[in-house]
Amino acid sequence: MVIHITIVARIYKPQCRPMSSSHPYDSLLPDLILDAIDAHGYRTSGSMLALNSYENRVYQVGLEAGGFIVAKFYRPGRWSDEAILEEHAFAAQLVGVEVPVVAPLADDRGETLHTHEGFRFALFARRGGRWPELDDPDTQYRLGQFLGRIHALGAIRPFAHRPAITPASFGEESLAYLLENDFLPRDYEGQYRDLAEGLLAEVKQRFSAVGYTPIRLHGDFHPGNILWTDTGAHLVDLDDCRMGPAVQDLWMLLSGDVGQMNSQLSELLEGYEEFCDFNRRELTLIEPLRALRLLYYAAWLARRWDDPAFHQAFPWFNTVKYWEEQVLTLREQQLRLELPPLLSTEI
């Protein structure tokens with residue numbers, strides 16, 4: 001299946017980059033993973049389960065004394081040490097104000113970022129949970145409270161080493177990467193480029209009109225990063241924490257028709273504003289942020305296409321059908337940008 005798709009892409013667009021025959025993660029073998037954890041004081045039992053992560057490699061590892069630990073091996077070359085440590089510091093600060101974030105464990109020297117055989121990694125306590133019930137008003141309200149507390153702390157100071165979510169970083173750079181690296185089939189390249197450029201022109205205008213104040217964000221606050229339990233929640237994966245508008249951490253929790261999303265957003269903001277003020281003008285950025293995520297996601301897959309794991313996990317990417325669907329999705333997003341913003345009567 002994977003071979004067939006790769007061959008189709010090459011025949012249709014010969015200049016498209018082929019899958020690399022090797023990748024740095026190829027040397028991240030079980031013995032290396034277990035040795036890395038053992039070297040930091042956790043005696044492993046030998047059991048290991050790969051968790052659902054593609055940007056990094058994350059494993060649940062059994063311990064001789066019982067229980068488990070989670071090891072996250074950072075993708076080589078993605079973040080600087082300073083950016084990773086800034087993520088860790090933000091998580092620790094949130095834990096310090098009792099926000100239920102799963103932060104990296106510190107060793108006896110207080111260090112959270114470790115290296116082994118050229119790989120950087122961090123260790124975490126294992127936490128379980130299920131996806132939150134986003135159609136439940138009480139859950140929406142409590143998630144709003146969590147975000148209000150995160151943003152109240154996030155607004156105190158900016159990140160120094162981590163990027164911001166902007167039309168340039170998420171949109172323009174993404175489009176440029178796809179075009180410059182010849183990922184788009186010729187039959188769809190012009191349509192995709194024109195649609196993306198039209199969306200970006202509107203997105204930049206909206207961002208400029210709102211005049212928001214960027215704050216430190218979780219950055220990727222979707223339901224998969226929320227582990228819900230009967231006694232509370234665990235918030236995970238600050239790997240994408242960045243500067244940006246507060247509404248970035250809200251909009252991915254919304255789904256359904258306009259009425260449903262208005263109801264969900266009302267509950268979220270009721271909880272949120274108990275702890276942090278919210279600029280209602282940022283609600284006009286929800287659809288622009290959705291447009292940026294569409295472009296960024298396509299470019300993210302393209303940037304990682306030299307990783308064999310991506311060919312296995314996303315076999316539909318870089319096929320003619322994929323780009324045909326992306327053109328249709330961008331057209332639909334144009335229409336969404338023309339709709340009144342959510343809770344528009346309150347802005």
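Observations on the structure shown:
- The set of residues in region 246-262 that are surrounded by 15 or more Cβ atoms within 10 Å (Cβ to Cβ) and either within 20 Å of I226 (Cα to Cα) or hydroxyl-bearing (S, T, Y) (or both) comprises A246, V247, Q248, D249, L250, W251, M252, L253, L254, M261.
- Test: I156 is within 29 Å of L292 (Cα to Cα), of a type in the set (V, I, T), modelled with pLDDT of 95 or more and loosely packed, with under 15 Cβ neighbours inside 10 Å: yes
- Being at positive phi, of a type outside the set (D, E) and modelled with pLDDT of 95 or more holds for only one residue in G67, G62, and it is G67.
- The number of residues in region 89-110 that are without any contact (Cβ under 8 Å) to a residue 60 or more places away in the chain and in contact with a Ser or Thr (Cβ under 9 Å, 6 or more places away or on another chain) comes to 6.
- Checked against (1) hydroxyl-bearing (S, T, Y); (2) under 30 Å from I33 (Cβ atoms); (3) outside any strand (DSSP E or B), Y177 passes all but condition (2).
- Within region 66-124, the set of residues being assigned to a loop (DSSP other than H, G, I, E, B), in contact with a Pro (Cβ under 9 Å, 6 or more places away or on another chain) and not hydroxyl-bearing (S, T, Y) comprises R75, P76, G77, L113, G118.
- R157 being of a type outside the set (S, T, Y), over 17 Å from Y297 (Cβ atoms), part of a loop (DSSP other than H, G, I, E, B) and over 21 Å from the mean Cα position of the chain (by Cα): yes
- Picking from residues in region 202-216 that are over 16 Å from R290 (Cβ atoms) and of a type in the set (A, V, I, L, M, F, W, C), the one that is surrounded by the most Cβ atoms within 10 Å (Cβ to Cβ) is I215.
- The set of residues in region 245-262 being more than 21 Å from Y296 (Cβ to Cβ) and among the acidic types (D, E) consists of D257 alone.
- Residues being in contact with a strand residue (DSSP E or B) (Cβ under 7 Å, 6 or more places away or on another chain) and closer than 26 Å to E274 by Cα - total across region 117-142: 4
- Candidates in region 222-245 are the residues that are in a helix (DSSP H, G or I) and either over 21 Å from the mean Cα position of the chain (by Cα) or touching a residue at least 60 places away in the same chain (Cβ under 8 Å) (or both); of these, the one that is surrounded by the fewest Cβ atoms within 10 Å (Cβ to Cβ) is G224.
The values are calculated or read from the model by the stated rules, or taken from the named source; none is laboratory data. Computed from a prediction, not measured in an experiment: that's the story for all the values here. Cβ coordinates were reconstructed from backbone atoms using ideal geometry, including for glycine residues, and neighbour counts include every protein chain displayed.
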